[in-house]
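Notes follow once the structure below has been shown.
The values are calculated or read from the model by the stated rules, or taken from the named source; none is laboratory data. If you're wondering where the values come from, they're calculated on a predicted model, not measured in any experiment. Neighbour counts are summed over all protein chains in view; Cβ atoms, including those assigned to glycine, are modelled from backbone coordinates with ideal geometry.
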């Protein structure tokens, strides 16, 4: 009895994993998932109808010796008008549903309580503080596709902060991505965090996500970008806001240290010459 | 039939020269390889098209099987990345430019004149040129295999295809192919339009024209409208690569998006160019084997024309993930959804044609039903992809790979095989083996579903298209093994049909003029048809002239030639 209760949802989970896109990392991915199921549901209904009629015809209407010839029907205007309107109604429903769902998918919402917000180059908790002067912004991250890796810049924060391969973000925080490329076309795609956006040289493409749980979300470049396209992976590590602050401090300091070390090396090389 | 008209013989002294018919005896049809090289007969050219495109089909199929072998296992090292990217590009380009589009031109070449009661195409020499341009386009393209094959996909997206990122000649070979096959298709299309508009038999108005001929007419108009866009784009790419222009180069003030727009302005009509004639074949095969007229002839002809028109307005649904305003996204979603309506109308009409018919289960019908059952899935996934937020998840993933193969394999290729099994008796005078044909169908049908159905799931679990390898921890190995097994089954199924063709060509049962009791005029003449097609061109009184002739033969008890064209 108990086993049945456990396995049925598990089975549904497995089925959903096979039949629907990834979701669960960010609200926009969840909305797309819902939209997909509406389209898929109508599609399945249509599939069953058509295949059903086809199978009935093939089973029932086969040629058999002695059967009278088929009635030579050439058309039926009411029926034809009917299915034209029916098909139009289905696609109209899908268009309306898409427009209803669209704002929630494309508009970055405010960060959740417990997440972070950015104002004047600093990180603030998104609750328990008064609005900051100069206006608040979501956390902005520049995504730059290059053969064959992703670079992430954090232009909204003070200090020089960037990373490669793995993007670190705070949970419950709306992150707005500005995606571009510096060589060929790439495509940014982390399935659990929403749809993909192309990275094109000369263009900046925007999307957003809000990771609700800590975790690592993996993806890879989705546009053929050259020989090593298959190894151009990217991932997003969502961490609690406190850990994110620590990471920012550490990473900024690390970048600073390595830059100073570089300057020092060059200076000593110059003096040696 | 083989008669020459000469002026009156010189030795006769009587001054008024009366034309006189002198019969030298029947003229032998020319045979031998030279006759194939120099032929302007639409039937021989049609066969040249069919044979050479099938060779390209087999080559591209082998390329696909190599890719499936590489993808079967995670972290596989059977192929390296650059070889795989080359195979991706060769497979897609070959299937589209050297198989599906020209094989349909091959069927059109062979059967449009026969179906409309004409003795040849309007411009026979131009017709020969079309074929040879195609063949040399293919040869120029495959020449690159000996150096560096193109590796930027069949779409050759700039800037990857620009000289900075693809300096070797593969892309140039691809541009050559686009131009040569493009001119070939353009000349062929003009030829079809001229033939169909001007050379129909007496009595064959637009409302009595076979639906396959309708589909070839719309196919031709679409080629004429769409091909100049890609010809322009390929020329711009050529000058970008070699003459210092910067149409697609951001540094020089160009824009890679321009390539995508030009390419897909051609590319989406191209999808319907590849599938409309297959629709036409299905519309011919179903009524013959259901022993019932096509349901809603006018609706099917009109939906073909409206799909043709709408297909020019949907191209940016291939570009939903580039920076685009919401208004444009909405426009292209709505146009893409609307195009599902005429396609749905066709589907319902075909179902209604089978409904309460007397279904004769021969191999052509198997493939036609396989088409209906499979293309439906491609149509449904197409509608889901048109919802652009959903497309953001599915775009450029294996879901799209599955979708295009449900449309192009489940649609076009099953349609082409239905046409092959249907018309082989007419082209050769011999029947194909039914048992081998059905075995081939089941292998292809099951193989097709195994290969491509699971790819929807692969795409939705995050596998992008065009990757040569994936890590074991991605969890895609199981599904990929299923897909690979299916693809080899599919390959075996196709080879079974090839064997069927080779064996039946020599040993098949004699077909006679009209083995299927069909509806259209190609079945009125002999199998294979003589060089002039028809000694008497029948007078057309309905959309099913051959049915009328059979009825008249049964009523009057006279041979078909006598009842077809009453002396008036």
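Here are some notes:
- Any hit, segment B:326-346, residues being part of a loop (DSSP other than H, G, I, E, B) and surrounded by fewer than 19 Cβ atoms within 10 Å (Cβ to Cβ): no
- Subset of segment B:414-444 (residues that are assigned to a loop (DSSP other than H, G, I, E, B) and either touching a strand residue (DSSP E or B) at 6+ places or on another chain (Cβ under 8 Å) or within 18 Å of residue B:284 (Cβ to Cβ) (or both)): B:429, B:431, B:432
- Selected residue (only one of B:87, B:79, B:98 is in a helix (DSSP H, G or I), crowded, with 18+ Cβ neighbours inside 10 Å and over 18 Å from the mean Cα position of the chain (by Cα)): B:87
- Screening A:87, A:92, A:104 for residues that are more than 7 Å from chain B (Cβ to nearest Cβ), in contact with a helix residue (DSSP H, G or I) (Cβ under 6 Å, 6 or more places away or on another chain), assigned to a helix (DSSP H, G or I) and at pLDDT 90 or above leaves exactly one candidate, A:104.
- Applying the condition of being within 10 Å of chain B (Cβ to nearest Cβ) and either touching a residue at least 60 places away in the same chain (Cβ under 8 Å) or farther than 17 Å from residue B:160 by Cβ (or both) to segment A:180-195 and asking which residue is surrounded by the most Cβ atoms within 10 Å (Cβ to Cβ) yields A:194.
- Yes/no for residue B:467 being over 14 Å from residue B:368 (Cα atoms), within 14 Å of chain A (Cβ to nearest Cβ) and without any contact (Cβ under 8 Å) to a residue 12 or more places away in the chain: yes
- A count restricted to segment A:187-228 and to residues that are under 19 Å from residue B:460 (Cα atoms) and not in a loop (DSSP other than H, G, I, E, B) stands at 13.
- Taken over segment B:284-297, the criterion of being part of a helix (DSSP H, G or I) and within 21 Å of residue B:111 (Cα to Cα) is satisfied by B:284, B:285, B:286, B:287, B:288, B:289, B:297.
- So residue B:121, is it more than 14 Å from every other protein chain (Cβ to nearest Cβ), touching a helix residue (DSSP H, G or I) at 6+ places or on another chain (Cβ under 7 Å) and not in a helix (DSSP H, G or I): yes
- Test for residue B:300: is it surrounded by 21 or more Cβ atoms within 10 Å (Cβ to Cβ), at negative phi, part of a helix (DSSP H, G or I) and within 11 Å of chain A (Cβ to nearest Cβ): yes
- Options B:162, B:168; residue that is in contact with a helix residue (DSSP H, G or I) (Cβ under 7 Å, 6 or more places away or on another chain), part of a loop (DSSP other than H, G, I, E, B) and within 14 Å of another protein chain (Cβ to nearest Cβ): B:162
Conditions tested, residue by residue: (1) under 24 Å from residue A:74 (Cα atoms); (2) surrounded by fewer than 24 Cβ atoms within 10 Å (Cβ to Cβ); (3) in contact with a strand residue (DSSP E or B) (Cβ under 9 Å, 6 or more places away or on another chain).
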position	(1), (2), (3)
B:185	no, no, no
B:188	no, no, no
B:193	no, yes, no
B:197	no, yes, no
B:201	yes, yes, no
B:206	yes, yes, no
B:217	yes, no, no
B:225	no, yes, no
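- Residue among A:62, A:74, A:4 that is modelled with pLDDT under 95 and loosely packed, with under 11 Cβ neighbours inside 10 Å: A:4
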